[in-house]
1. Only one of these conditions is not met by S218: (1) open to solvent by less than 40 Å² (accessible area, probe 1.4 Å); (2) touching a residue at least 60 places away in the same chain (Cβ under 8 Å). Which number is it?
2. Would you point out which residue out of S210, S169 is among the hydroxyl-bearing types (S, T, Y), at pLDDT below 95 and in contact with a Ser or Thr (Cβ under 8 Å, 6 or more places away or on another chain)?
3. Which of (1) more than 19 Å from N302 (Cβ to Cβ); (2) open to solvent by less than 10 Å² (accessible area, probe 1.4 Å) does R348 not meet, given it meets every other one?
4. Just to verify a result, which residue in segment 35-66, among those that are of a type in the set (G, A, S) and modelled with pLDDT under 95, is most open to solvent (accessible area, probe 1.4 Å)?
5. Evaluate the following for I190: is it in contact (Cβ under 8 Å) with a residue 24 or more places away in the chain, part of a loop (DSSP other than H, G, I, E, B), of a type in the set (V, I, T) and farther than 30 Å from G305 by Cα?
6. Picking from F147, F140, which residue would you name as being within 23 Å of G304 (Cα to Cα), touching a Ser or Thr at 6+ places or on another chain (Cβ under 7 Å) and touching a residue at least 24 places away in the same chain (Cβ under 8 Å)?
7. Check whether at least one residue in segment 382-400 is out of contact with any Leu (no Cβ under 8 Å at 6 or more places or on another chain) and at pLDDT below 95, and report yes or no.
8. One residue is enough: does segment 225-246 have a residue meeting the conditions under 30 Å from L313 (Cα atoms) and of a type outside the set (A, V, I, L, M, F, W, C)?
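The values are calculated or read from the model by the stated rules, or taken from the named source; none is laboratory data. Bear in mind that the values here come from a model prediction, so they are computed numbers and not experimental data. FYI the Cβ positions are ideal-geometry reconstructions off the backbone, even for glycines, and counts take in every protein chain you see. Keep in mind that these areas ignore ligands, DNA and RNA; they rest on the heavy atoms of the full protein, side chains included. Shrake-Rupley method; radii C 1.70, N 1.55, O 1.52, S 1.80 Å.
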Amino acid sequence: MMQRITLVFASTAMSLLLAACGGGGNDSLGTDNPGNNTGQTEPPTWTFNQFPASSQFINYCASPRTGIDKYNNNQPYPDKVGTAMHEKMWLRSFTNETYLWYDEVLDNDPTQFDTVIDYFEQLKTNQTTASGNAKDQFHFHESYESFQKEAQSGVATGYGIRWAAIATSPPRNFTVAAVEPNSPAANAGIVRGDKILSIDGIDFISSDNSAALNAGLSPKQSEPHTFVFEDKAGNEKSITLTSVDIETSPVQNAKVISYGDKQVGYVQFNQFIPTAQEGLIEAFNLFKTRQIDDLVLDMRYNGGGRVIMAAQLGYMVAGNSSLNKTFTYSTLNDKRTAEEERTEFESRAINWAENKFTTTSLPTVTLPRVYILSTRGTASASENVINGLRGIDVDVFLIGGTTRGKPYGFVPAQNCGTVYYTIQFGSENAKGFDAYADGFTPSGASSSGEIGLSAQVPGCIVADDFSEPLGSENEGLLAAALTHIDTGRCPNVAQFAPNAQPQYQNKEHAVTLPVYPLRENAILMKPKESQ
């Protein structure tokens with residue numbers, strides 16, 4: 001399976017300022033913990049367009065958990081005896097209170113849906129963007145256990161493979177885009193560019209047995225599956241992979257490249273999670289020591305994460321000129337405008353164990369421009385970096401393809417062992433720009449002066465190149481960035497290949513696509529100030 005990564009943006013249900021995201025401290029998911037433990041076995045009643053407070057229903061569960069929560073200071077679970085209708089009614093009221101487009105959600109009778117999840121799936125807008133895409137493509141849920149593992153350290157169950165899903169319906173094409181170091185896939189010799197031919201003896205390219213194929217792509221822990229791959233030379237190799245819990249490496253391949261007469265910093269950055277901070281600091285200390293002239297951020301597969309870390313990265317690029325300036329402004333629904341907040345570019349490191357800002361300053365290279373490598377896997381908090389820097393007139397050049405298009409974020413909320421993600425806020429930069437719901441696209445322009453502030457960004461359209469390892473100067477996107485840095489122009493070979501971009505929709509007989517990162521999230525949270 002593709003390495004499953006959840007991009008979690010933590011906030012409370014009542015505020016965008018979260019005391020903790022992940023284990024420790026207060027309930028990091030913003031769920032109430034009523035003082036009494038009296039159960040309710042009588043289901044509540046639905047009345048059209050009447051919405052009692054969500055606090056009346058939270059933690060009343062059809063199957064309440066017992067024991068202690070190891071992720072929350074070993075506190076008892078807050079669950080009490082309830083019914084599935086309690087869970088549905090909590091989702092309904094919570095959506096009406098906090099969903100960004102609550103007035104576009106149909107108030108369907110919860111009793112008409114077989115399960116709580118079935119009911120949750122339709123609690124979203126059915127509107128579309130200007131291009132005809134669904135306005136909300138980011139509505140999802142996961143188990144509390146899965147959330148906590150991924151939120152704290154990027155741990156996910158899988159083989160360590162990041163897939164490029166070039167075609168999800170027959171004839172399918174899932175190609176290895178990247179492999180996590182020291183993972184089952186890496187240890188088996190799987191490399192970028194390998195393509196699946198079969199899973200457990202089932203033809204991956206043309207079989208209609210999507211259930212069996214999905215079982216191999218999305219395995220349970222310690223589950224073996226046999227893959228046949230075709231490598232870039234056309235040779236076949238059969239490999240049995242057993243899934244494990246993998247702690248991902250969000251920062252990789254940091255180095256300085258001498259190109260022409262310039263020193264160019266390069267770093268592959270995969271996810272905005274707490275464990276990324278140390279690697280980013282090391283990378284930018286290297287860039288600062290080597291006095292780089294230009295910077296290439298490889299975020300082609302970075303689906304997002306914590307917005308405060310995006311604000312840190314923005315500072316590390318732009319330096320002191322960004323201080324006290326708006327990185328992103330979070331817009332809420334019309335019931336919550338008093339809670340709207342702005343996040344400034346952040347120069348301080350964070351003590352994630354205590355969820356506090358420190359007095360340690362982050363390194364910065366203080367550059368007037370930055371190159372960002374992008375694909376459809378570039379989403380959310382990564383797009384915040386693009387938008388935030390452009391909002392303070394740092395020149396951003398995109399090399400690659402159109403980004404995901406997610407100027408929104410979540411307030412992850414737990415109830416009865418499930419974490420729900422429903423869009424809570426929109427994101428504007430310092431200039432009030434947020435119109436990139438269909439993604440940022442490299443425009444072909446060679447400077448920001450040639451275009452206005454729009455979803456068109458200066459840069460080069462280049463297909464993702466699976467023939468070379470990430471970080472290689474010969475790899476297509478990095479080579480194009482180096483050419484542009486050297487000449488100010490896109491290389492002649494740069495051309496857009498739509499079928500080389502990962503797809504994000506399913507079709508008839510399609511394999512369910514475990515998009516990597518699986519969760520394209522921007523979570524707005526701010527650590528506490530140090531005392």
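1. (1)
2. Checking each option against the conditions leaves just S210.
3. The single condition R348 does not satisfy is (2).
4. Ranking the qualifying residues of segment 35-66, first place goes to G35.
5. Taking the combined requirement at face value, the residue does not satisfy it.
6. Result: F147 is the single residue among F147, F140 that is within 23 Å of G304 (Cα to Cα), touching a Ser or Thr at 6+ places or on another chain (Cβ under 7 Å) and touching a residue at least 24 places away in the same chain (Cβ under 8 Å).
7. Checked against the condition, which is being out of contact with any Leu (no Cβ under 8 Å at 6 or more places or on another chain) and at pLDDT below 95, segment 382-400 yields no hits at all.
8. Yes, segment 225-246 has at least one match.
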